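Below is one structure, written out as structure tokens; the observations come after it.
The values are calculated or read from the model by the stated rules, or taken from the named source; none is laboratory data. Because the structure is predicted, anything quoted here is derived from the model rather than measured. Don't worry about glycine lacking a Cβ; one is built from the backbone with ideal geometry, like all the others, and counts go over all protein chains shown.
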Amino acid sequence: MRHELARDRPGVGEAPGELGGGQAASPEQIAAVNDDLDLGERAAIAIAQAIGADLLSIEDAVGRTEAKQRSLRVTGTLGVLRAGAERRMIDVPDVLVRLRRTNFYVDGSPIEAVFRKWL
């Protein structure tokens, strides 16, 4: 996903802890995040805190718990896609076909429940 998002977008796909070419979270802030998480998730949480983000997109359950403990609002892939559907920014059936071709996994069948009104 990072590669697709990074096309022609300065700052996207930079090293963990960087935003727009400058440090948004110090190594110490990143190190203070639960070390059960991988570096990317730790950096995302630290950056979200450092910049006062309104919302953090994170899939990992431990990462979500850590972010919530730090008073960050969280969403995941389905939440981002639902927001796009509500704003008529995506073709839901097409996006869901493409999503199913990836390694994206979610327990149960919330995909159909989340997108029922657009199918």
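Mind checking which residues of the range 90-112 are loosely packed, with under 10 Cβ neighbours inside 10 Å and at pLDDT 90 or above?
Narrowing the range 90-112 to residues loosely packed, with under 10 Cβ neighbours inside 10 Å: 94, 100-103, 105, 107-109.
Across the range 90-112, the qualifying residues are ASP94, ARG101, THR102, ASN103.
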- [ ] Could you list, in sequence order, all residues of the range 51-84 that are farther than 15 Å from VAL33 by Cα, in contact with an Asp or Glu (Cβ under 9 Å, 6 or more places away or on another chain) and not charged (D, E, K, R)?
- [x] GLY76, THR77
Task: Among the candidates SER71, SER57, residue that is of a type in the set (Ser, Thr, Tyr), in contact with a Ser or Thr (Cβ under 9 Å, 6 or more places away or on another chain) and in the same structural domain as SER26 (by TED's automatic domain parsing) - done: SER57
